[in-house]
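Here's the structure we're looking at; comments come further down.
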Amino acid sequence: MSAPADFDAIVVGGGHNGLACAAYLARAGRRVIVLERRGLVGGAAVSEELHPGFTYSVCSYVVSLLRPWIIRDLELARHGLELIPLECSFSPYLDGRSLARWDDARRTHDEIAAFSKRDAERYPLYGQRMAELAAFVAPLIDELAPDPATTSTAQLADALSHWRRFRALPARQRTLFMRLMTASAADFLDEHFESDELKAPMSVSGIIGTMQGVRSPGTAYVLLHHYMGEIDGHYRAWGFARGGTGAVSEALASAARFHGAVIRTDCDVAGLLFEGDEACGVHLANGDELRARSVISGLDPRRTFHGLVGRERLPNEINAKLDRFRYRGSSGKVNLALDRLPNFTSRPGDGPHLAGDIAIAPSVDALELAFDEAKAGRWSSRPYINVVIPSLSDPTVAPDGKHVMSCFVQYAPYELAEGPDAWPAQRDAFGDNVIATLEQYAPGLSQTILHQQVLTPWDLEREFGLSEGNIFHGELSLEQLAFLRPMAGQSQHATPIPKLWLASSGAHPGGGIMGAPGALCARRMLAGGAL
Amino acid sequence: MTGVTRCDALVLGGDLEGLVAALAIARNGRRVVVLCERPRPGGLHGSEELGSSGIETHGTVFDEDRFESELAGELGLEAHGLSFESAPDVIAVDRAGRHLRIERGADDPYAALPADLAARAREFAASLDQHREVLREELVAAPPDLVPDNLTPALRLTSRAARWRGLGAASMHELLWRLPTSVADWFGDHFDDELLRAMLAADALPGTWHGPRAAGSSAVWLLRDAARGTRVRRPVGGGPALVRSLLRALRERGARVHCGEAIGGLLTTGQAKSTRARGAWLADGTEFRADAVLSTLAPRRTLEQLAPAGALDVDDCESLAPLRCRGTIAVLDLAFEREPGLAALGGAAFDQLRLLNDNGQLERAADDVKHGRTASEPWLEVHGSRADDGRAVWTTHVHGVPHAPTGGWTVPARRELIDRVYAVLADAVPDLADHVSAERLRTPSDLARAHGLAGGHLWHAELALDQLLMLRPTHELSTYRAPLAGLSLGSAAQHPGGLLPGRAGRIAAEVLLQTS
């Protein structure tokens, strides 16, 4: 005889997607509980005061893809979310030159023209074309992914409507879209621009969080992320959350609680409870059991299926598909507390150029060399580094006059030549190398460091449950997108286990702090009458 | 010889695509003239003399094992001496001398592999059967129009979609997963043996600019596999025999093949948007006037050099910009009075030999090219052909060679490349250099000059996800029609060039026939 369900849904994992899913379900009147292993919610979208007075956005550090409709539906602004737009993308070069791209088109034009007049003329047109493509792509992200093999009339209608929208694009945009989805970031940019100093920092957005290079096929489409950002109804490439990226998760948690969801932290889920084949709850590491009419995983596919569920419960064919779903973490993070601002010799002094994102990406060739090293199982000796100093726009994250500096580093391959377990011994050297690389552009930086945190893919796996340290819950490569994410044959957030659902970035539309996987999972569950 | 010749259709380019196109048009009853710039027709598929040694090579590319017997039938080539035989074995040998053999022409191609590898290979091959037909159907026809305006293309698109859905969900999902995947990942999942992985991956890479880790390398592999089919056959006498049968057939139809003179430009009437191709003129002043022109020359040359200025507008020129054709293969011909034997094969002769080790090597070779240098350890595909008297020619495709290396193709750079190839060959044949009676290196740059191949690319346009099917060579040009009226495009830059030899020319011919 089974015990009565305590809840309509248990969400395992209090990352931002799990929270978004919980909030939507609670808003629809369902009884939801979120169980988070760590002492705070957020997963990799988290702010932590690791050094007194300094709040780090420990993992993810910029926000822009958070779906505007989610912000509106859940009234996240009311729940404390404030997004501060990044005004600038700054790229310093070792020869003393630098390039800053601003919101101000005129200013950007003049900056680019110093490298190439032709590129300066083309830049706004490129931006316009990309914004149009972003508008075309947005509904693909904001809706459940149709399965091309589907027999469901609803899904076929969805697919047809996307095709009609594609058809309605001007011919040139259709061609651009097809190339965007198949080309490499570097090739795609080569069509439009000639200057390496411009292409290098632009191309890197194509390879963030992947084990691919800017010349690798299939990396161009991620360039679109740069044009999908929306803050307060305006296009903005990137923004910070006031209080750090954790503010996104806190706002989602607050919205979920507001609608009646319960959130428990320091709560380690050991596995699922089954009634026959169906999921009917979870059991915790401390032995407690919780029952629900459905279980929702906010964990990545590996943790979900080979962790919570267990391989032995799944058919061989499903395990084979899960085994070939690639993670391959490729990035690390260095978070610094600074006594004062860094001084970039190519553009000395404090200034608005430091308030945006700073890209250490000297050339497309250098980025490829960094990737070559990763392929050989080594962290890059001269890595790509994306730096933000959020304290310049958000004084709440550091004491007066002092700063936090967040450095996203690529490549740091999970699979080192000596194996991933070699990471702890290499962590310090890896971190020191990041500082040394930055010192080439901003001498004296190391003297200003009050506190340093280095996160390798190994650390990301252990601390944040990101398999192989992949920040997106799985590579965002073409064979792992849409209906193929995490594997084909499962219908839109459903899983091979009845009553178990996948709400994490391991489901469509993937990672990038979108909130969409969680929201779409809730939508699917409600629409399908699962809950 | 100057003067004016009139015909119904003028084909620019005497390579395989050009000869096939011309024959298809001629069989339709039109008067055709082929303008071939080289002294002999056949392009990369024709034989040529190795310097002044008197030795004939057997062609420069060896993809005739993908020349369709159906195409031969459509063109009536069997009546002109063309016959087919079982395709030869492919043998891979690594630097330690370990070798693997796949018997392409056999019912069980894997019988010669070690038992455990053979079992895996058979299982893998069985999983390919479900998709070969649908992929082949995509290969033999023009790519479908994704946004059809008229009934015919709309019906075609619908029927293709239905065909793919007709695979069934599991099979269609599997194919859609495979296509964008890298062969490194796909073969890495199925096989543990490094040499076998590399031997298979080697079918994905020629014509691409990347290594086995590239997304979409599986798409190229799958298309080549579908093109080849099972129980593989190839023309007896290879490319040169194929060319000879085409020439005989053309002669029978009264088509003319004019060789040895450079093409100067297109003859056109009208201007700007109303420009119409009406023929071409040669460097010696001879004019050829036709109702329609089909070019199998490199697309940029056709559209930017041969077409008059102003015929293409700014948009047309811009749409050509993404076309990439960076060759990565050098060709080294080695002639022998007495062919040396490979110790690894117990002295037996070979037809197709792959000297490689593992996918890491293939990836590093692509990385070297990316950085503008010749691979420190190039991988080789050696095609051996021999005469009854024991003389032989090995034509080696050297992979990992940039078309424009940093510093250029200086004499030392050429020598360095040859030395590296010899170093690899020496693992297999230690005393190779002693046996060589003649040697000729053609870098991508040499191939560019000799065969009009932009970037020295053997198939005129890279094979990549963004340059396949309706994106090949660019979306705008994938219709086989130039932006200039009266001009069709049939080079290997068109679909399915690089995958099915001759078929691009055939499809372009059909387009010409329908539009003129």
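Quick note: the coordinates plus some simple rules give every number you see, no bench work behind them. What you are looking at is a predicted structure, and each value in this text was computed from that prediction instead of being measured. Cβ coordinates were reconstructed from backbone atoms using ideal geometry, including for glycine residues, and neighbour counts include every protein chain displayed.
Tell me, what is the Rg over Rh of the protein assembly as shown, with Rh the Kirkwood radius over Cα pairs? Write out the running numbers ahead of the final one.
Details: Rg = 30.4 Å, Rh = 30.7 Å.
Checking Rg against Rh, the ratio lands at 0.99.
Which lysines does A:Lys199 reach when only Cα atoms under 28 Å apart count, and residues fewer than 8 places away in its own chain are ignored?
Within the straight-line limit of under 28 Å, A:Lys199 reaches these lysines: A:Lys117, A:Lys333, A:Lys375, B:Lys370.
Taking +1 at the Cβ of each Lys and Arg and -1 at the Cβ of each Asp and Glu, which of B:Val398, A:Trp163, A:Gly518 sits farthest along the dipole of the protein assembly as shown towards its positive end, judged by Cα position relative to the Cα centre?
Result: A:Trp163, furthest along the dipole toward the positive end.
HN-Hα J couplings of the stretch A:313-330 from phi, Karplus 6.51/-1.76/1.60, θ = phi - 60°, integer Hz, Gly and Pro as x?
Working through the residues one at a time gives 8, 10, x, 3, 5, 6, 4, 4, 5, 5, 5, 8, 6, 8, 9, 6, x, 9 Hz.
Ordered by residue, what ³J(HN,Hα) values in Hz, to whole numbers, does the stretch A:264-281 give under the Karplus form 6.51 cos²θ - 1.76 cosθ + 1.60, where θ = phi - 60° and Gly and Pro are x?
Rounded to whole hertz, the list is 10, 9, 6, 10, 9, 7, 8, x, 8, 9, 10, 10, x, 8, 8, 6, 9, x.
Enumerate the amide H contacts of B:Leu342 below 5 Å, restricted to partners 5 or more residues apart or on another chain; note that Pro and chain-start residues carry no placed amide H.
B:Gly347, B:Ala348
Give the value in nm², to one decimal: projected area of the alpha carbon convex hull of chain A, averaged over all directions. Could you put the intermediate results ahead of the total?
On the way: hull surface 93.9 nm².
If I average the Cα hull's projected area over directions, I get 23.5 nm².
For the residue pair A:Thr153 and A:Glu312, what label-to-label distance in nm results when each label sits 7 Å from Cα along the Cα-to-beta-carbon direction?
4.5 nm
Considering only the other residues whose Cβ falls under 13 Å of the Cβ of A:Ser195, what net charge follows from Lys and Arg at +1 and Asp and Glu at -1? Show your work: numbers first, answer last.
On the way: positive: A:Arg97, A:Arg101, A:Lys117, A:Arg118, A:Arg122, A:Lys199; negative: A:Glu111, A:Asp119, A:Glu121, A:Asp190, A:Glu194, A:Asp196, A:Glu197.
It works out to a net charge of -1.
Quick one: which residues, 5+ away or cross-chain, put their amide H under 5 Å from the amide H of B:Ala87? H built at 1.01 Å from N.
Placed amide hydrogens put B:Gly105, B:Val232, B:Arg233, B:Arg234 under 5 Å from B:Ala87.
Report, in whole Å, the centroid distance computed from the Cα atoms of the stretch A:438-471 and the stretch A:50-81.
20 Å
Take peptides A:63-69, A:91-97, A:162-168 and line them up by average Cβ neighbours within 10 Å, highest first, as a rough protection proxy. List each step's numbers first, then the result.
Details: A:63-69: 20.9, A:91-97: 16.0, A:162-168: 13.4.
Packing proxy ranking, top to bottom: A:63-69, A:91-97, A:162-168.
Among the lysines, which have Cα under 29 Å from the Cα of B:Lys273 when same-chain residues fewer than 8 positions away are ignored?
Those lysines meeting the cut-off do not exist here.
Other chains near B:210-222: what is the mean number of their Cβ atoms within 10 Å of each residue's Cβ? Let's see the in-between values first.
Details: counts 5, 2, 0, 6, 7, 11, 6, 1, 1, 3, 0, 0, 0.
What the average comes to for B:210-222 is 3.
Please identify which residues in the stretch B:135-160 have an amide N closer than 15 Å to a label point set 7 Å out from the Cα of B:Thr515, following the Cα→Cβ vector.
Under 15 Å, as judged by backbone N against the label point of B:Thr515, lie B:142-143, B:145 of the stretch B:135-160.
Read phi for every residue in the stretch B:497-508 and hand back ³J(HN,Hα) as whole Hz from Karplus 6.51 cos²θ - 1.76 cosθ + 1.60, θ = phi - 60°, with x for Gly and Pro.
x, x, 10, 10, x, x, 5, 4, x, 4, 5, 4
Can you list the equivalent-ellipsoid semi-axes of the stretch A:26-127, largest first and in whole Å, using the square root of 5 times each Cα gyration tensor eigenvalue? Write out the running numbers ahead of the final one.
On the way: eigenvalues 305, 83, 23 Å².
So the equivalent ellipsoid measures 39, 20, 11 Å along its semi-axes.
Along each of the three principal axes of the Cα atoms of the stretch B:246-391, give the extent in whole Å, ordering the values from largest to smallest.
For the stretch B:246-391, the Cα extents along the three principal axes come out at 66, 45, 24 Å.
Once both labels are modelled 7 Å past Cα along the beta-carbon direction, what's the B:Thr152-B:Ala115 spacing in nm?
5.8 nm
Straight-line reach only, C-alpha to C-alpha below 15 angstrom: list the aspartates and glutamates that A:Lys321 could link to, leaving out same-chain residues fewer than 8 apart.
A:Asp300, A:Glu312, A:Glu475, A:Glu479, B:Glu174, B:Asp185, B:Asp189
By what distance, in whole Å, do the Cα atoms of the stretch A:288-433 stretch along each of the three principal axes, largest value first?
Sorted from largest, the Cα extents of the stretch A:288-433 read 60, 40, 28 Å.
Given bins 5 angstrom wide, list per bin the percent of all Cα-Cα distances in the stretch B:285-369, short to long.
P(r) over the stretch B:285-369, rounded to whole percents: 3, 8, 12, 13, 10, 10, 11, 9, 8, 9, 5, 3, 0.
Helix-derived [θ] at 222 nm for the protein assembly as shown: sum -39500 (n - 2.57) over DSSP H runs of at least 4, divide by residue count, nearest 500?
Roughly -10000 deg cm²/dmol at 222 nm, from the helical runs in the protein assembly as shown.
Under the 0.36 nm per residue contour assumption, what length would be gained going from the current alpha-carbon distance of B:Val4 and B:His190 to full extension?
Numbers: separation 186, 0.36 × 186 = 66.96 nm, distance 6.11 nm.
Residue separation times 0.36 nm, minus the Cα-Cα distance, leaves 60.9 nm.
Among A:Gln490, B:Cys259, B:Ala450, flag the residue with its Cα farthest along the positive direction of the charge dipole of the protein assembly as shown, charges on Cβ as +1 for Lys/Arg and -1 for Asp/Glu.
Checked the options; the winner is B:Cys259.
Which FRET efficiency value, to the nearest 0.05, is calculated for A:Glu194 and A:Ala138 with the Förster distance at 30 angstrom and r the Cβ-Cβ distance?
After rounding to 0.05, the efficiency reads 0.50.
Take every DSSP beta bridge whose two residues both sit in the stretch B:7-160, then give the antiparallel share in percent to the nearest 5. All intermediate terms of the calculation are to be shown ahead of the outcome.
Numbers: 5 of 10 bridges.
The answer is about 50 percent antiparallel.
Check B:Ile55: other-chain or 5+ apart residues with amide H under 5 Å from its amide H, H built from backbone geometry?
B:Leu50
Order of B:Asp145, B:Asp466 from fewest to most other C-beta atoms within 10 Å?
Values: B:Asp145 16, B:Asp466 24.
Fewest to most other Cβ atoms nearby, the residues stand as B:Asp145, B:Asp466.
In what sequence do B:Ser274, B:Ser171, A:Ser477 fall when counting other Cβ within 10 Å, fewest first? Could you put the intermediate results ahead of the total?
On the way: B:Ser274 10, B:Ser171 16, A:Ser477 22.
So the residues, fewest neighbours to most, are B:Ser274, B:Ser171, A:Ser477.
Sequence gap at least 6, Cα distance under 8 Å: using those rules, report the relative contact order of chain B to the nearest whole percent. Walk me through the numbers before you get to the answer.
Numbers: 1132 pairs, mean separation 121.1, N = 516.
Over chain B, the number comes to 23 percent.
Taking the Cα centre of the protein assembly as shown as origin and charging only Cβ (+1 Lys, Arg; -1 Asp, Glu), how large is the dipole, in debye to the nearest 20?
The calculation lands at about 2540 debye.
Kindly put A:Phe430, B:Phe84 in sequence by how many other C-beta atoms sit within 10 Å of each C-beta, fewest to most. Write down the numbers at each step before the final one.
Values: A:Phe430 19, B:Phe84 16.
Final ranking by Cβ density, sparse to dense: B:Phe84, A:Phe430.
For labels at A:Asn343 and A:Leu94 in the simple 7 Å Cα→Cβ model, what's the distance in nm?
For A:Asn343 paired with A:Leu94, the spin-label model returns 2.2 nm.
Estimate the FRET efficiency between B:Ala348 and B:Arg289 by the formula 1/(1 + (r/R0)^6), using the beta-carbon distance for r and 51 Å for R0, to the nearest 0.05. Can you show the working numbers first?
Working: r = 55 Å, r/R0 = 1.08.
In this case the efficiency is close to 0.40.
Could you calculate the FRET efficiency of B:Ala106 with A:Ala429 from 1/(1 + (r/R0)^6), where r is the beta carbon distance between them and R0 is 51 Å, rounded to 0.05?
Numbers: r = 54 Å, r/R0 = 1.05.
Rounded to the nearest 0.05, the efficiency is 0.40.
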